[in-house]
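Read through the structure below, which is laid out as structure tokens, and then see the notes.
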Amino acid sequence: MTNCLMEMMILENNQYVLNSDINALSLTEKYGCPLYVYDSAIIKRQFDRLNNAFDVPSLKINYACKALTNLAILKLLKSFGAGLDTVSAQELEIGLLAGFDPQEITFTPNCVSLEEVEEAVDSGAKINIDNISILEQFGHHFPNVPVCVRINPHIMAVVIIKFR
């Protein structure tokens, strides 16, 4: 992260300048604060590093949009070939607005109603369930819809408290 920030902005003549010689202060004067500036070249380079880290014939990187739902960034990631991982109906809708095909979107609901899961099914997104109760309900309501199951082995750290 630090390397990306150092590449993106440098201090030059007591002013912060972006890689493309754009004065960061002038951007805040033009667009206001807070201002978030993303460098698509850095995002592309990091995406390619991740993609090239695995020597497999068919790899699909899914971006977890809960990290950032900026439409421009989602469209950029889609242009790189990324899929999308969503956890809510709102994120699913944003993914569709960004141009992702429903088959490129994985919906992994946490603490949502069956109605929200039904919205995802109706959209055509891939469904990924990690809750036995929701899985049972899903099976009863959508017996012909494929579903992925995420298994959490509940490996927990043991904490030992010592009293004196």
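General remarks:
- Pairs where the first residue, in segment 127-151, is in a loop (DSSP other than H, G, I, E, B) and the second is modelled with pLDDT under 95 and of a type in the set (Phe, Trp, Tyr), C-beta under 9 Å, 6+ apart: Val145/Phe138; Val147/Phe138
- Note on segment 32-69: residues that are closer than 17 Å to Thr106 by Cβ, in a loop (DSSP other than H, G, I, E, B) and in contact (Cβ under 8 Å) with a residue 12 or more places away in the chain total 3.
- Restricting segment 95-125 to residues that are under 19 Å from Lys60 (Cβ atoms) and in a helix (DSSP H, G or I), the residue that is farthest from the chain's Cα centre (by Cα): Ser123
- Condition met for Ser79 (surrounded by 15 or more Cβ atoms within 10 Å (Cβ to Cβ), more than 13 Å from the chain's Cα centre (by Cα) and modelled with pLDDT of 90 or more): no
Results for (1) in contact with a Pro (Cβ under 8 Å, 6 or more places away or on another chain); (2) touching a residue at least 24 places away in the same chain (Cβ under 8 Å); (3) not polar (S, T, N, Q), shown as yes or no for each residue.
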residue: Ser26; (1), (2), (3): no, no, no
residue: Lys30; (1), (2), (3): no, no, yes
residue: Leu71; (1), (2), (3): no, yes, yes
residue: Gly95; (1), (2), (3): no, yes, yes
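- Subset of segment 74-94 that is among the polar types (S, T, N, Q) and part of a helix (DSSP H, G or I) - its residue that is farthest from Arg150 (Cα to Cα): Ser79
- Hey, Ala89 among the aliphatic types (A, V, I, L, M) and either surrounded by fewer than 15 Cβ atoms within 10 Å (Cβ to Cβ) or in contact with a Phe, Trp or Tyr (Cβ under 9 Å, 6 or more places away or on another chain) (or both) or not: yes
- Boolean, Leu76 is closer than 25 Å to Pro109 by Cα and not β-branched (Val, Ile, Thr): yes
- Taking the listed residues Ile105, Ile43, Ile73, the one that is over 30 Å from Gln137 (Cβ atoms), at pLDDT 85 or above and touching a strand residue (DSSP E or B) at 6+ places or on another chain (Cβ under 9 Å) is Ile73, with no other qualifying.
- Verdict on Asp48 being surrounded by 13 or more Cβ atoms within 10 Å (Cβ to Cβ) and either within 19 Å of the chain's Cα centre (by Cα) or at pLDDT 90 or above (or both): no
- So Ala53, is it out of contact with any His (no Cβ under 8 Å at 6 or more places or on another chain), at pLDDT 90 or above and among the small types (Gly, Ala, Ser): yes
The values are calculated or read from the model by the stated rules, or taken from the named source; none is laboratory data. The model shown is predicted, which means the values in this text are computed figures rather than measured ones. FYI the Cβ positions are ideal-geometry reconstructions off the backbone, even for glycines, and counts take in every protein chain you see.
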